[in-house]
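Here the structure is laid out as structure tokens; the discussion comes afterwards.
The values are calculated or read from the model by the stated rules, or taken from the named source; none is laboratory data. Given the structure is predicted, the values throughout are model-derived calculations rather than measurements. Note that each Cβ is placed from the backbone with ideal geometry, even for glycine, and that neighbours are counted across all protein chains shown. Note: accessible area is taken over every heavy atom of the protein model, side chains too, but ligands, DNA and RNA are not part of it. Shrake-Rupley method; radii C 1.70, N 1.55, O 1.52, S 1.80 Å.
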Amino acid sequence: MAMEMQSGGKLMGFLVILLVLFIEMAAPTTASRDSFSTQTLEVQNQLKLLNKPAVKSIKSPDGDIIDCIKLSHQPAFEHPMLKNHKIQMTPNFHPEGVFGENKVASKMKPGSSRNVTQMWHLNGRCPEGTIPIRRTRKDDLLRASSIKAFGKKRHKTIPQPKSADPDLITQSGHQHAIAYVDEDKYYGAKATINVWEPKIQQPNEFSLSQIWILGGSFGEDLNSIEAGWQVSPDLYGDNHTRLFTYWTSDAYQATGCYNLLCSGFIQINNEIAMGASIYPVSSYHDSQYDISLLVWKDPKEGNWWLQFGNSYVLGYWPAFLFSYLSDSASMIEWGGEVVNSESDGQHTSTQMGSGHFPKEGFGKSSYFKNIQIVDGSNNLRVPKDIATFTEQSNCYDVQTGKGGNWGSYFYYGGPGRNANCP
């Protein structure tokens, strides 16, 4: 009996030790608790910085919440140099154009181009004196590699057509199919861009189609203003096609961001939201939709303005944000970009444009049409000596053309991985 009690006591003691060890292992350490609370605090602070008090909020059918923020409360005014900035509500000058906006017939047939809007418009509009801002959520921040990296592109993602070693370009994992000009001083650019919803293989990859306004070298001091559409699961948490902008004055190192995710771009328009879904999008061998984008430099104030479509002047990047672009751009690029992470040791199957090669043509391949530059006299004109560039034409390609009411144009894109692009 005594021996049984003794062995039972040993067993109980052993179980108690195991329980204590389990509790110690399960309980978070002080360091991990501190790390968790620090991250939580960082997330809360960043959300507070980005999401300003709304006059009105609109729930979009795609799940977005669009907050209507007072014009003077937008993120731009967190910048120390914009504390006493007087908002410029209209540009002093607008470029004189060669091509008019798309003349869209009232009755559309499958295969013809149509204009587009944004999905949140289906459920409401923002009042005058406010701007629409897509609300940033906790999950958006947590998908980023860090709070600091949220809303930023990675270093060295610009296509460098004249690089002596193309292999250096692909090391960043970014691939392009573009048209470009670089033999002059440029004060803006315009294009009408076909809108699609390309398939993305990995959440950390993206596909975009945009205009680049570039100044400086491709080193550490590159200035860039960018506008177009993109599908980016990492940034937005879904696979919708979205209007976006980007800027940097130091080659994506410390300055700049997407949309209104940092101080910089000043929005004046209450109808178009940066980062919101474009609706509808094109379908293969069916209805085609496109957006017209114009970026130009105000000769008087020096600010760089952005216009969407026929009549939406969205806002401007103040001149002081830039060094080289405070004078002019030295290069303009139009086209597509994808991230190729080669996650399974093969080329990504992330699509660019429509996911089909240029040779397939209208209704099947994506296009840029009526591509123009703004010259030193503030006139829109057809650029001379347009060149093209792609790292691997058997993965994504580009083909230019000219004529008719399309002016200078090109088809671009591709499927990524295929029999000729393993």
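Some notes on this structure:
- Across region 324-338, coupling constants 3J(HN,Hα) worked out from phi with the 6.51/-1.76/1.60 Karplus curve, θ = phi - 60°, read 5, 6, 5, 9, 7, 8, 9, 7, 10, 10, 10, x, x, 9, 10 Hz, and Gly and Pro carry x.
- To put it simply, the accessible area of region 263-358 at a 1.4 Å probe is 42 percent carbon and sulfur.
- A Förster radius of 41 Å combined with the Cβ-Cβ distance from N310 to R137 puts the calculated FRET efficiency at roughly 0.80.
- Distance between the pseudo-spin-label points of Q346 and D286 (7 Å out from Cα toward the beta carbon): 2.8 nm.
- Order by protection proxy (mean Cβ within 10 Å, highest first), peptides 82-89, 402-409: 402-409, 82-89
- Gain on full stretching of the segment that runs from H79 to N92 - 0.36 nm per residue minus C-alpha separation: 2.3 nm
- Alpha-carbon centroids, region 179-219 and region 64-93: separation in whole Å: 25
- Listed pairs K199/K364; K153/K300; K59/K138 exceeding 20 Å between Cα atoms: K153/K300
- The radius of gyration of the Cα set in region 366-422, together with its Dmax, comes out at 14.4, 48 angstrom.
- Region 281-347 and region 350-422: distance between their alpha carbon centers, rounded to Å: 15
- A simple packing score, the average count of other Cβ atoms within 10 Å per residue, orders the peptides 266-274, 118-126, 45-53 as 266-274, 118-126, 45-53, with the highest score first.
- Tail beyond 18 Å, pair distance distribution of region 131-289 (Cα, percent): 63
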